[in-house]
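Right, one structure below, let's go through it.
The values are calculated or read from the model by the stated rules, or taken from the named source; none is laboratory data. Small disclaimer: the values here were computed from a predicted structure and weren't measured. Ideal geometry is used to build each Cβ from the backbone, glycine not excepted, and the neighbour counts take in all protein chains shown.
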Amino acid sequence: MPVPLLDRAALAPMGDTPAAVRARLLSELDQFEAHLTQRQADWTRVQPGRDWTPAQDAEHVALINEAIARVLSLLLSERALRPAPQTPGDLTSDGRRRAPAAALPSDTGLPWAGWPARWAQGRAALEAATAGLRATPGRTLWHPFFGELDALDWARMVTAHLAGHRRALERSVRA
């Protein structure tokens with residue numbers, strides 16, 4: 001079911017300046033990666049309270065990171081922005097935000113032996129895209145749960161996304 005847009009103020013804890021947002025993003029990338037290195041034993045097992053395995057979470061986060069790196073690169077460039085559909089996101093029956101189809105993981109997720117390379121690729125793209133991070137008033141792209149976001153808010157959103165998945169994976173270890 002489509003949902004009303006969330007308040008962008010929810011992204012504010014991710015940082016109030018471009019430098020603070022980028023520092024928090026790099027910290028979340030480090031923490032997520034460090035957590036994944038500890039999950040080999042249950043890499044392909046669906047976690048308590050979760051729909052996905054750590055392998056699938058890793059693939060989903062990699063897909064999101066890669067897509068948002070492209071969004072950030074576009075918003076921070078001088079390239080023309082094309083109108084895009086403004087389709088609101090959906091919630092699952094239990095009230096969680098549903099990932100867009102292009103960001104859903106495969107049935108198996110990333111293989112244990114392959115996730116570090118895929119992770120490094122997405123991380124490098126985000127690091128490059130945020131090297132010159134700044135607000136881009138008037139240059140926005142649609143997000144299915146937050147509406148129009150500029151580059152700084154997209155960086156805050158990907159940081160919050162990483163933090164949310166990391167915390168969920170950490171909780172699943174304790175469950």
Please find, within segment 71-95, the residue that is farthest from His143 (Cα to Cα) out of those that are of a type in the set (S, T, N, Q) and free of Cβ contacts under 8 Å to residues at least 12 places away in the same chain.
Ser93
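To keep it simple, each residue is scored yes or no on (1) touching a Pro at 6+ places or on another chain (Cβ under 8 Å); (2) among the aliphatic types (A, V, I, L, M).
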position	(1), (2)
Ala128	no, yes
Ala131	no, yes
Arg139	no, no
Leu152	yes, yes
Arg156	no, no
Ala168	no, yes
Ala175	yes, yes
Failed condition for Thr87, given (1) β-branched (Val, Ile, Thr); (2) in a loop (DSSP other than H, G, I, E, B); (3) surrounded by 21 or more Cβ atoms within 10 Å (Cβ to Cβ), with all others met?
(3)
Among Arg96, Arg82, which is of a type outside the set (A, V, I, L, M, F, W, C) and either farther than 24 Å from Ala9 by Cα or within 13 Å of the chain's Cα centre (by Cα) (or both)?
Arg82
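Residue-wise test of (1) within 30 Å of Val173 (Cα to Cα); (2) without any contact (Cβ under 8 Å) to a residue 60 or more places away in the chain; (3) among the aromatic types (Phe, Trp, Tyr).
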| residue | (1), (2), (3) |
| --- | --- |
| Trp43 | yes, no, yes |
| Gln56 | yes, yes, no |
| Val61 | yes, no, no |
| Ala69 | yes, no, no |
| Ala103 | yes, yes, no |
| Ser106 | yes, yes, no |
| Gly122 | yes, no, no |
| Glu127 | yes, no, no |
Starting from residues that are within 18 Å of Ile68 (Cα to Cα) and among the charged types (D, E, K, R), keep the ones in segment 13-32 and report whichever is nearest to the chain's Cα centre (by Cα).
Glu28
Considering only residues that are at pLDDT 95 or above, in a helix (DSSP H, G or I) and either of a type in the set (S, T, N, Q) or in contact with a Leu (Cβ under 9 Å, 6 or more places away or on another chain) (or both), which ones fall in segment 1-16?
Leu11, Met14
When every residue in segment 125-159 that is in contact with a strand residue (DSSP E or B) (Cβ under 7 Å, 6 or more places away or on another chain) and assigned to a loop (DSSP other than H, G, I, E, B) is compared, the one farthest from Leu74 (Cα to Cα) is Phe145
If I go through segment 49-65 residue by residue, how many of them are acidic (Asp, Glu) and either surrounded by fewer than 17 Cβ atoms within 10 Å (Cβ to Cβ) or more than 21 Å from His143 (Cβ to Cβ) (or both)?
1
